[in-house]
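A.B. asks: Below is a structure I'd like to ask you about.
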Amino acid sequence: MNALLAVENLATHFATRNGLVKAVDGVSFHLDAGEIVGLVGESGSGKTVTGFSLLGLVDAPGRIVGGSIKLEGRELVGLPQAELRKLRGRRVAMVFQDPSATLNPVLTIETQMRLALEAHERVGAAAARDRSADLLTRVGIPDARRRLETYPHQLSGGMRQRVAIAIALLNRPSLIVCDEPTTALDVSIQAQILAQMKALAADFGTALIWISHDLATVSALASRILVMYAGRIVEEGPTGEVLRKPAHPYTQGLLDSLPSIAAPGEDLRQIPGSTPSLANLPEGCAFAPRCAFADAACKSAPATRRTATRAVRCHHPLGEVAWPL
Amino acid sequence: MNATSPVGRFWREFCENRVALAALVVVAATILLAILAPFVVPQNPYDLASLALIDARRPPGYVGRSGFVHWLGTDAQGRDLLSAILYGLRISLQVGLAAGALAFAIGATLGAVAAFVGGRVETALMRFVDLQLSFPAILLALVLVAVLGPGRGQLIAALVAAQYAYFARTAHGAAAAERAKDYVSAALSTPIPAWQVVFRHILPNCLPPLIVVATLQVANSIALEATLSFLGLGLPVTEPSLGMLIANGFQYMLSGRYWISIYPGVALILLIVAINLVGDQVRDQLNPRLKR
Amino acid sequence: MAALIACQNLVKRFSSPPQLGDRLARLLGRPVRPRTVYAVDDVSLEIAEGEVLGLVGESGCGKSTLGRMIAGIQPPSAGLALLDGVPVMGGGRSPVKTTTRVQMIFQDPFASLDPRMRIGDIVAEGPIANGLVSRAEAAADTAKWLAAVGLDPTAAQRYPHQFSGGQRQRVAIARALAMRPDILVCDEPVASLDVSIQAQIINLFLKLKRDLGLTMLFISHDLGLVRHISDRVAIMYLGKLVETGATQAVFENPRHPYTRALLDSMPKLRLDDADVDFKPIDGELPSPLAPPPGCHFHLRCPGMRPACRTAVPELIRSVDGRELACHYPLVGG
């Protein structure tokens, strides 16, 4: 299979005062061209660090300590920063939760978009303006030519995020990593951006990794879903299948705790306890202390068990799927 | 994660900077020596009866009439310089710490209350503070000492008046930020009196930047006191502080009797640099933007 | 049904002092528009005893400001917030809260607990000051409230930084409960928590409602949560209430186009493999500095007619107890 992105055993660790934090610890997944994959997890699950690792954006004291990231067959781990910079924007781009991470407050939108284009190809000013205006229109910004002359602070939060998305799309990368891009936005704006993102990804043939804590938005967007817990992917599979028949008790717990599942006024089913500190993970399965199904077997780390389309990292997967050992 | 107190963590981090640690040792040793001065020095420099003019202006290492070695030489009155420096440090530290503490108390209260009350009171108070900050502290202190006259209390008062504004500015900025936080709103939802909200909730949370200002202002107070004494506006001649020792020895510099001025100067610089190094490290550690 | 809280024409204006440029312009004879934001614009609202009212709206609609006025943390610019007929804040130039019967839970549990106080002191401070408990009884009282929110009594000896976000929110709830309030104003109390922790805190609120019969104003942007916890909902848009009513009725049969649009944009969990059809509302939230004339929603409203551009719709109560501010309400769907 010729995957666009193949991540094998990725490990990104942070050496902090409180010990070694294994933010990402043995993560493997792949992504086909044009595919939208949702990466779901709670805070501290390692989902954002995974996204940053893909672009080589992990800063000290963090470091990719092992594994491989192959984008279009090319190994990214160990690539010098200069090479990575050439790839970023052109082959792979990122949209952050806070658009001000992308936008420079003292440059006009036009200048920023022109610079993003010029970083990778020779382009005339007029051509750059045309392409920028065209993209702004496509991400849902009315009156795009006039907006090109504005500064980021003159735009609303939703508009800024649209501009950040347009910049990510400028060089037509084959992969965009989106880190909670709609979390800070209002629901009505979020719905607009989700709809546009889905259409744009299809038009451009761009693959998306959509990082989010919100199962509902991911379910609306992604064809496949990866669930992360404590630095590892614990479940993977087609979105509908995973949400209908979760195999990992953690996925089940997340679904059960959504208020839309329970009848109004009833107690929600909750996952007991809280997410563990990554500097001090329990032996064996990291979810075992919060898991209703945990037993002696869970003292040892579970291996990833795969079927043709799904994977789970659990000793006691739920449901009637026949998981190979 | 090992459960250590925030103070313990702070201390461990502090010890990682060798220079700051050395500076802290210097400061601590100086304070200790200043406290113990009456017991460690061979001579009481304020006791005029023990001074003999025959011992005056002798170089370091000179064995005096009373039989002990003047390791740092003697001054124009025949005082043992080592003893005089330690007694001088005593005065400098007393004045510096007292002025620093008083300026801290007055300035922090003023700043925090201004931030809490808001409105015209805040504007008036902070404009006045700004106005004062636009004058050099030394100028203000000079005028005040000239008006108030000599004496330890007057000197401290002048230093406090010249320096409280720095605390007020810092406290005001920090308190305004804390005032907007929800825990203050929550406290105001209970019948706790307003002054208690200021002193129990807001001020303790403004401490980190204030501690930084405090260390630097103590060093400043000491330097300022030395400057005033050097100019002859400080303490009476019978109780020479470091500044006055330097001033007294100044006239002998050209005749080669360097030690009368230089050694008190070295002691002063050492103390001030050490306090500043400690303050710098504390500031770096308390600055969340430099936190790793 | 007796109204425990009654807001009468509450208004909150924020006006920034004129800037240098404005003053110069005025000196030169140019008219200057005052920079005034109506965060809350003439809102009247009642909360019955024992009721949970959900207050929903997007960012900047004034829902937090309304909550703070009801909690007695911010004084209204005009109008009154009454608790049993008595204003929650005194009048005068610097109004202070006059009652402790309203307590508030804040969004960010990292900012709402004094980081330098022990949990025990945080919880006990109010009741001691209020004379509810003596200093000697305080420890036992604190332990009781910590237990009520599912925390170990040993928590009293520790500091906020030793707790996770969810546990801190429990402490904040214990602090509010220790004041024996009749009503809790909860401003996005779970928005900053992880999904699995959100459920724990929501369950805690449900338990408190059952056990203590608390009245609550539950402010949130999350329609799913509000639907789950509230008896009645109020929808706000740009400082004004646009619709109120019993939760189920409003969610199943919204009459205001904005309510409908919000419900349509709410992300829903998709369990089948079908493609999702998004039905987002067009346009952006207008700036509260310059709200559109007439109905504030008319620029984004699919059913806009000429009258909407000029006439401001009043909030009108219908026979079934629902209130609506729309010239052309949606009919049953």
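Since every read-out is calculated from the coordinates, none of them should be taken as a lab result. Computed from a predicted model, the values in this text were never measured in an experiment. Note: ideal-geometry Cβ built from the backbone for every residue, glycine included; neighbour counts use all protein chains shown.
A.B. asks: Mind telling me which of B:Gly279, B:Gly149, B:Gly243 comes out most flexible in a GNM of chain B, alpha-carbon contacts under 10 Å?
C.D. replies: So, out of B:Gly279, B:Gly149, B:Gly243, the one fluctuating most is B:Gly149.
A.B. asks: What distance in nm separates the simple spin-label points at B:Ala146 and A:Thr108, each placed 7 Å from Cα in the Cβ direction?
C.D. replies: Distance between the two pseudo-spin positions: 5.8 nm.
A.B. asks: Can you sort A:Lys198, C:Lys207 so the residue with the fewest Cβ neighbours within 10 Å comes first?
C.D. replies: Sorted ascending by nearby Cβ count, the order is C:Lys207, A:Lys198.
A.B. asks: Pairing the Cα long axis of helix B:152-179 with the longest principal axis of chain B, what angle in degrees results, from 0 to 90 and rounded to the nearest 10?
C.D. replies: The angle comes out at about 30 degrees.
A.B. asks: How far is helix C:119-130 tilted off the main Cα axis of chain C, in degrees rounded to 10, range 0 to 90?
C.D. replies: That helix lies at roughly 80 degrees to the long axis.
A.B. asks: At q = 0.12 Å⁻¹, what log₁₀ I(q)/I(0) does chain C have when each alpha carbon counts as one equal point scatterer in the Debye sum?
C.D. replies: Evaluating at q = 0.12 Å⁻¹ gives log10 I(q)/I(0) of -0.92.
A.B. asks: Given the alpha-carbon gyration tensor of the stretch C:109-180, what are the semi-axes of its equivalent ellipsoid in whole angstrom, ordered largest first, with each equal to the square root of 5 times an eigenvalue?
C.D. replies: The equivalent ellipsoid of the stretch C:109-180 has semi-axes of 18, 12, 11 Å.
A.B. asks: So what's the net charge close to A:Val24: Lys and Arg +1, Asp and Glu -1, counting the other residues with Cβ under 10 Å from its Cβ?
C.D. replies: For residues surrounding A:Val24, the net value is +2.
A.B. asks: Please compute the net charge surrounding A:Leu55, taking Lys and Arg as +1 and Asp and Glu as -1 over other residues with Cβ under 11 Å from its Cβ.
C.D. replies: Neighbour charge sum, excluding A:Leu55 itself: +2.
A.B. asks: Continuing with the same structure: Once you've got the GNM for chain A with C-alpha springs shorter than 10 Å, pick whichever of A:Glu235, A:Glu118, A:Glu266 has the biggest mean-square fluctuation.
C.D. replies: The residue that fluctuates most here is A:Glu266.
A.B. asks: What are the trypsin sites (Lys or Arg not before Pro) within the stretch A:68-146 that DSSP puts in a loop, where the Cβ has at most 15 other Cβ atoms within 10 Å?
C.D. replies: Qualifying residues, ordered by number: A:Arg122.
A.B. asks: What net charge is computed for the residues neighbouring B:Ala99, neighbours being all others with C-beta under 14 Å from the C-beta of B:Ala99, Lys and Arg scored +1, Asp and Glu -1?
C.D. replies: My count for the surroundings of B:Ala99 gives 0.
A.B. asks: Here is a further query. Quick one: of the DSSP bridges fully inside chain C, what percent are antiparallel, nearest 5?
C.D. replies: Of those bridges, close to 60 percent are antiparallel.
A.B. asks: From the phi of every residue in the stretch A:29-37, what ³J(HN,Hα) in whole Hz does the Karplus formula 6.51 cos²θ - 1.76 cosθ + 1.60 yield, where θ is phi - 60° and glycine or proline is x?
C.D. replies: Going residue by residue, I get 6, 9, 9, 8, 4, x, 7, 10, 10 Hz, with x marking Gly and Pro.
A.B. asks: For B:Ser50, A:Ser132, B:Ser189, what ranking results if the residue with the fewest other Cβ atoms within 10 Å of its Cβ goes first?
C.D. replies: Placing the least packed residue first, the sequence is B:Ser50, B:Ser189, A:Ser132.
A.B. asks: Further question: Would you list A:Met94, B:Met253 from fewest to most Cβ contacts within 10 Å?
C.D. replies: Result, fewest neighbours first: B:Met253, A:Met94.
A.B. asks: Further question on the same structure: Report the gain in length on full extension from C:Asn9 to C:Gln162: 0.36 nm times residue separation, minus Cα-Cα distance, nm rounded to one decimal.
C.D. replies: Once the chain is fully extended between C:Asn9 and C:Gln162, it gains 50.8 nm.
A.B. asks: Using only Cα atoms, locate the centre of the stretch C:35-94 and the centre of the stretch B:59-89, then give the distance between them in Å, rounded to an integer.
C.D. replies: Result: 76 Å between the Cα centres.
A.B. asks: Rg (Å, one decimal) plus Dmax (Å, integer) for the alpha carbons of the protein assembly as shown?
C.D. replies: 34.0, 113
A.B. asks: If you don't mind, another one. At 7 Å along Cα-to-Cβ for each site, give me the label-to-label distance between A:Thr183 and B:Phe39 in nm.
C.D. replies: Using points 7 Å along Cα→Cβ, the separation is 6.0 nm.
A.B. asks: Within straight cross-link reach of A:Lys47, meaning Cα distance under 26 Å, which lysines are found once same-chain residues fewer than 8 apart are removed?
C.D. replies: Excluding near neighbours in sequence, the set is A:Lys22, A:Lys70, A:Lys86, A:Lys198, A:Lys245, A:Lys299, B:Lys291, C:Lys268.
A.B. asks: Let me know the whole percent of all Cα-Cα pairs from the stretch B:1-136 that are separated by more than 19 Å. Write out the running numbers ahead of the final one.
C.D. replies: Working: 6417 of 9180 pairs.
Beyond 19 Å sits 70 percent of the P(r) for the stretch B:1-136.
A.B. asks: Express as a percent, rounded to the nearest 5, the fraction of DSSP beta bridges in the protein assembly as shown (both residues included) that run antiparallel.
C.D. replies: Roughly 60 percent of the beta bridges in the protein assembly as shown run antiparallel, per DSSP.
A.B. asks: Which residue, B:Pro236, B:Pro193, B:Pro42, tops the fluctuation ranking in a GNM of chain B built on C-alpha contacts under 10 Å?
C.D. replies: Highest fluctuation among the options: B:Pro193.
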